[in-house]
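Trainee: I have a structure here, written as structure tokens, and I will follow up with some questions on it.
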Amino acid sequence: MKVAAIVPAYNEAQRIERVLAVLLHCRLLHEVLVVNDGSADDTAEVALRFARAHATPDRPTVRVINLPVNRGKGGAMFAGATATDADVIAFFDADLIGLKPEHVERILKPVLEGEVAMSIGVFRGGRLSTDMAQILVPYISGQRALLRELFTEIPGIERTRSGVEIALTLHFKRHRYPVAMVVVEGVTHTMKEEKLGWARGVWARAKMYAEIGKAFLRYTRLSDLRHKLLLKRGE
């Protein structure tokens, strides 16, 4: 099976290299797609330079997709998923800290071995704040592997922005696709407040939660509608 890693990135020039360095050493990947989501910095240029400097025949190829305007995380993930013919896709945030090739392989294996349709990586032992967030709401983790065709079938997924993970989770739950949770030890990510400063970071976090809430309401309604249709048909 062909496997592609997709890295949605918005203004991650200072952080993306450490994630790419890990992905390029993962033996299960065939290609890595960096989706530059309308960044105002040189995220795309950094990714391209890194890819060219580290390209070897035994490593996955790296492509950079440039979106002219910011579409949000869901739009960037959709752009990556529709730009590859891989059977399995794996999403990784561009600001991860502590990610290792074995973490990537651990997330991929349940899908590659046919055990589940999607596996979700959850943080443990990275830092308290991100560990607690994923203990409370593990289904918003951005680290996951899944069958590509199941991602692209989700209605409106490209418009979900930061609500993309909850939309994914609700869609898989609605269709009863099997899902596995995979613990990745020692992994965390850079907080919005660290990237943007306290005031802008808090505002960005509030916006993110609003987008998550919007996606939750939308895809919960879709689930309720499907349930009612099934009852009406007597299924």
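Read-outs throughout are calculated quantities, based only on the coordinates presented, and are distinct from any laboratory measurement. Worth saying up front: this structure is predicted, and the values here are computed from it rather than measured. Here the Cβ is made from the backbone with ideal geometry for all residues, glycine too, and neighbour counts use every protein chain on show.
Trainee: In nm, give the distance between the simple-model label positions of MET181 and ALA40, each being 7 Å from the Cα along the Cα-to-Cβ direction.
Mentor: Once both label points are built, they end up 3.7 nm from each other.
Trainee: Still on this structure, please answer the following. Can you give me the three principal axis dimensions of the chain from its C-alpha atoms, in Å, biggest first?
Mentor: In descending order, the Cα extents are 59, 45, 37 Å.
Trainee: Which whole DSSP H helices in the chain pass both tests: a Cα extent of 27 Å or more along the axis and a mean Kyte-Doolittle value no lower than 1.0?
Mentor: Sorted by number, there is nothing, because no helix extends far enough and scores high enough.
Trainee: Another question about this same structure. Would you mind counting up the charge near PRO101? Only other residues with Cβ under 13 Å from its Cβ, with Lys and Arg at +1 and Asp and Glu at -1.
Mentor: So the surrounding residues net to +4.
Trainee: Ratio to report: Rg/Rh of the stretch 95-235, with Cα atoms as the point set and Rh obtained by the Kirkwood method; give two decimals. List each step's numbers first, then the result.
Mentor: Details: Rg = 16.5 Å, Rh = 16.4 Å.
Using only Cα positions, Rg/Rh for the stretch 95-235 is 1.01.
Trainee: Based on DSSP H runs of at least 4 residues, each adding -39500 (n - 2.57), what is the mean residue ellipticity at 222 nm of the chain after dividing by all its residues, to the nearest 500 deg cm²/dmol? Could the numbers behind the result be given before it?
Mentor: Working: 9 runs with 107 residues, N = 235.
The helix-only estimate for the chain comes to -14000 deg cm²/dmol at 222 nm.
Trainee: Going by Cα centres, the stretch 164-183 and the stretch 25-83 are how many Å apart?
Mentor: 24
Trainee: Determine the alpha carbon to alpha carbon distance for each of LYS100/LYS173; LYS100/LYS207; LYS73/LYS214 and list only those over 24 Å.
Mentor: As for pairs spanning more than 24 Å Cα to Cα, those are LYS100/LYS173; LYS100/LYS207.
Trainee: In the P(r) worked out for the stretch 1-92, what percent of Cα pairs fall beyond 15 Å?
Mentor: 53
Trainee: Arrange the peptides 178-189, 69-80 so that the one whose residues have, on average, the most other Cβ atoms within 10 Å appears first.
Mentor: In descending order of packing, they fall as 69-80, 178-189.
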